[in-house]
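Enquirer: Quick one: the structure is below, questions incoming.
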There are 2 protein chains.
Amino acid sequence: MNFSLDDALPILRSTPAVLRAWLKDLPDSWIRADEGPDTWSPFDIVGHLIHGERTDWMDRVDILLTHGESRPFTPFDRFAQFEASRGKSLGQLLETFAELRAANLHRLESLELRPEDFPRRGRHPELGGVTLGQLLATWVAHDLNHLAQIARVMGRQYTHAVGPWVEYLPMLSGVRR
Amino acid sequence: MNFSLDDALPILRSTPAVLRAWLKDLPDSWIRADEGPDTWSPFDIVGHLIHGERTDWMDRVDILLTHGESRPFTPFDRFAQFEASRGKSLGQLLETFAELRAANLHRLESLELRPEDFPRRGRHPELGGVTLGQLLATWVAHDLNHLAQIARVMGRQYTHAVGPWVEYLPMLSGVRR
């Protein structure tokens, strides 16, 4: 599938509502669960998504459109959420994420990007040359990647509880189909 | 995490709302996308979840509670959705799933199961002896497994569109972290 805004925007719009429907009423036993040391819980992941809205996606769009390849994007702090989320409730994080995402999509739409803009180039600090279309596709894929992660983290809490059914649920044992 | 109804019910309740928030407004380019021959699209997966509500989970609870290990569960048809979903819209499937899930959870709650019921045993046609707690934990994990699958199927449509970022998104290339 090639990148298009018509495909990308509905996914980017839906993620806050998906997270709310999924996590809002869950007990801490799920939202604070992780996969072991140095892995993230659903609570951590929502904080990570917030940090992306604050410092990553639209900032990179702006840098790319303003500076092209002459100025690399600001590196993204993948651990900022541990400090930023401290003392907050998941409900607060979900609301913050929804507000930031809505504001960012409003900004994105106000740019009135056209297909001929997507090959415009910027510079990633590690990956090198990238296009605007690749950046926006990655925003979408990053949402989906973390939704899959939330499902996996929670599912794996039941790896033992499902007993012999673990054989039919490869996600729980780390075996891919 | 040991199985408990207090943990399981909020997940089982949330899945229909998660699917609605996620898929209801997406174009066919996402909901009909799959991962190649003999793989499922989000549309197929919702049909599979419907079939589980109709013929699998609560039927097996009833067989286990009524017959114990003396009568094996009815085998589950993993392909029934291809016929049953034909000609339906995704919106119709989402509503059907929500109604069936709500009715099944109503039935489950009306059983007033207690922790001492969870070790009660039944017989799976392939896996052999299983407990009620394992069956109910599998219902939860099965939901999460298919939510992860939906995220993965959609994310992989952008494996090429993300360009060099694919390196940071192992879900897209089939590499697990």
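The values are calculated or read from the model by the stated rules, or taken from the named source; none is laboratory data. Since the model is a prediction, treat every value here as computed from it, not as a measurement. Neighbour counts are summed over all protein chains in view; Cβ atoms, including those assigned to glycine, are modelled from backbone coordinates with ideal geometry. Protein only, heavy atoms only, side chains kept; ligands, DNA and RNA dropped before computing areas. Shrake-Rupley method; radii C 1.70, N 1.55, O 1.52, S 1.80 Å.
Enquirer: What number goes with the only condition from (1) open to solvent by 60 Å² or more (accessible area, probe 1.4 Å); (2) more than 17 Å from the chain's Cα centre (by Cα); (3) closer than 30 Å to A:A8 by Cβ that B:F82 does not pass?
Expert: So the condition that B:F82 fails would be (2).
Enquirer: In region A:34-55, what count of residues is obtained for those that are within 13 Å of another protein chain (Cβ to nearest Cβ) and open to solvent by 10 Å² or more (accessible area, probe 1.4 Å)?
Expert: Qualifying residue count for the region: 6.
Enquirer: With the checklist (1) within 7 Å of chain A (Cβ to nearest Cβ); (2) under 17 Å from the mean Cα position of the chain (by Cα); (3) over 30 Å from A:I11 (Cα atoms) in hand, flag the one item B:L127 doesn't pass.
Expert: (2)
Enquirer: Which of the residues belonging to region A:68-107 are touching a residue at least 40 places away in the same chain (Cβ under 8 Å) and at positive phi?
Expert: Once the filter is applied, which keeps residues that are touching a residue at least 40 places away in the same chain (Cβ under 8 Å) and at positive phi, region A:68-107 yields only A:G68.
Enquirer: Follow-up. Of all residues in region B:7-33 being within 7 Å of chain A (Cβ to nearest Cβ) and among the charged types (D, E, K, R), which is farthest from the chain's Cα centre (by Cα)?
Expert: Ranking the candidates gives B:D25 first.
Enquirer: Oh, and also: Determine if region B:91-111 includes at least one residue that is more than 18 Å from the chain's Cα centre (by Cα), open to solvent by 30 Å² or more (accessible area, probe 1.4 Å), polar (S, T, N, Q) and closer than 28 Å to B:D44 by Cβ.
Expert: No, because not a single residue in region B:91-111 is more than 18 Å from the chain's Cα centre (by Cα), open to solvent by 30 Å² or more (accessible area, probe 1.4 Å), polar (S, T, N, Q) and closer than 28 Å to B:D44 by Cβ.
Enquirer: Give me a count of the residues in region A:142-170 that are part of a helix (DSSP H, G or I), in contact (Cβ under 8 Å) with a residue 12 or more places away in the chain, open to solvent by less than 20 Å² (accessible area, probe 1.4 Å) and at the interface with chain B (Cβ under 7 Å from one of its Cβ atoms).
Expert: 5
Enquirer: Hey, could you check region A:68-79 for residues that are open to solvent by less than 90 Å² (accessible area, probe 1.4 Å) and of a type in the set (D, E, K, R) and say which is farthest from A:D56 (Cα to Cα)?
Expert: A:E69
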